[in-house]
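Shown next, in structure tokens, is the structure this report addresses.
The values are calculated or read from the model by the stated rules, or taken from the named source; none is laboratory data. Note that this is a predicted model, so its numbers are computed, not measured. Here the Cβ positions follow ideal geometry from the backbone for every residue, glycine too, while neighbour counts run over all protein chains shown. Heads up: the accessible areas ignore ligands, DNA and RNA and are worked out on the full protein's heavy atoms, side chains in. Shrake-Rupley method; radii C 1.70, N 1.55, O 1.52, S 1.80 Å.
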Amino acid sequence: LTVESENNKVPAIAVKLKVADWAMPDPLKYTVQNIGWMSPERVALYTETPMWSDKHFELIGKSLALMLPLGSRQAEVNLVKQYLSRDNAETMVKWLKQADGSFKYDFTVMDKYLDAVAKAIGKPFPVRINAFSIAGSTDPKRSGGGKGRHPVLVTDAAGKTEELEPPPHGSKESEAFWKPVFLEIKARLEKRGWQDVACVNWHEYCGWPYPELVSMMDRIWPALKWTDTDHGRRQSFPGEGGLS
């Protein structure tokens, strides 16, 4: 091997190449998954590309494709702003406030993101839905609380966008707040054949979701799995009454 440089003379390098009689499997068939966290927003900021533009989604696809040979085919849907360890200023679903105070929802960004995922890597594993964490907890036995729950972004009829803090995790108000959003996500993932890889995430330094939250999500989307990002590993998350 000869290496050339404008300023230096580099001697020839002896290279011995051994080729094994074995073919690497397709990355979609890897049995080991390295769940890499990609930040779609950072792709836009680094490349100075308008957020959620066609060019931005093209670059997101290229980033995902680069992660695939490393064994990472995770897709992340951020429903809330500033999710722990994500530092995201945007959300992939927008709450649209109606004149009567009710909400409709805009899934445009989420749909385009998942289109980019499908084009770049095929079926992802998993689709991680980021909505809940220890943020906002007042439980003195749990770390990381007291800062308020991650807000969603609400746009009114005049086009003004504001932050809205969701109700306490697992409350009746929380179930009413999140149910229509998760049911719509469920329907959209089912159309793609991805409902079996969907997961809702919990983030805490070292802990697990509250039982009332686990039970709430089980009522909203019974087959939905959980993932967690913390420093502990558990086989299951208990719900109310010991359900998990």
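A few points about this structure:
- Under the combined filter of DSSP loop state and at most 16 neighbouring Cβ atoms within 10 Å, the stretch 1-81 retains these GluC sites (Glu not before Pro): E6, E48.
- Other-chain or far-sequence residues with amide H under 5 Å of I129's (modelled H): V77, C199, V200, N201
- Set of aspartates and glutamates near K119 by C-alpha distance (under 14 Å), chain-local residues within fewer than 8 positions excluded: D54, E58, D111
- The loop-placed trypsin sites (Lys or Arg not before Pro) in the stretch 58-105, going by DSSP, include none that has at most 15 neighbouring Cβ atoms within 10 Å of its Cβ.
- Highest mobility in the GNM of the chain, judged by mean-square fluctuation with C-alpha springs under 10 Å and restricted to G136, G101, G61, is found for G101.
- Greater than 25 Å apart at Cα, pairs in K29/K191; K62/K160; K123/K172: K62/K160; K123/K172
- Surface composition of the chain: carbon and sulfur atoms hold 55% of the protein heavy-atom accessible area at a 1.4 Å probe.
- For the chain, a Gaussian network of Cα nodes joined below 10 Å ranks K186, K123, K18 by mean-square fluctuation, and the top entry is K18.
- Entry for log10 I(q)/I(0) by the Debye sum over Cα atoms at q = 0.08, 0.14, 0.15 Å⁻¹ (calculated from the structure that is shown) out of (i) -0.49, -1.03, -1.12; (ii) -0.38, -0.98, -1.11; (iii) -0.34, -0.96, -1.08: (ii)
- Chymotrypsin sites (Phe, Trp or Tyr not before Pro), loop per DSSP, at most 14 other Cβ atoms within 10 Å - longest free stretch of the chain: 38-204
- Using θ = phi - 60° in the Karplus curve 6.51 cos²θ - 1.76 cosθ + 1.60, the 3J(HN,Hα) couplings for the stretch 51-64 round to 4, 6, 7, 4, 5, 4, 5, 4, 5, 4, x, 5, 5, 4 Hz; x is entered for Gly and Pro.
- Ellipticity at 222 nm from helices only: DSSP H runs of n ≥ 4 in the chain, each -39500 (n - 2.57), divided by the residue count, give -9000 deg cm²/dmol.
- A probe of 1.4 angstrom, applied to the heavy atoms of all protein chains, finds T47 with accessible area near 60 square angstrom.
- Cα-centre dipole for the chain with unit charges at Cβ (Lys and Arg positive, Asp and Glu negative), debye to 20: 540 debye
- On the principal axes of its alpha-carbon atoms, the stretch 102-244 has extents of 42, 39, 25 Å, going from largest to smallest.
- Positive-end extreme of charge dipole, the chain - chosen from P211, P166, P50 (charges on Cβ): P211
- Cα-based helix-to-principal-axis angle, 211-220 vs the chain, degrees rounded to 10: 90 degrees
- Taken about its Cα centre, the stretch 145-244 carries a charge dipole of roughly 300 debye when the Cβ of each Lys and Arg holds +1 and the Cβ of each Asp and Glu holds -1.
- GNM top mover of M92, M51, M110 - the chain, alpha-carbon springs below 10 Å: M51
- DSSP beta bridges fully contained in the chain are about 35 percent antiparallel.
- Protein heavy-atom accessible surface, 1.4 Å probe, per residue over the chain: 58 Å².
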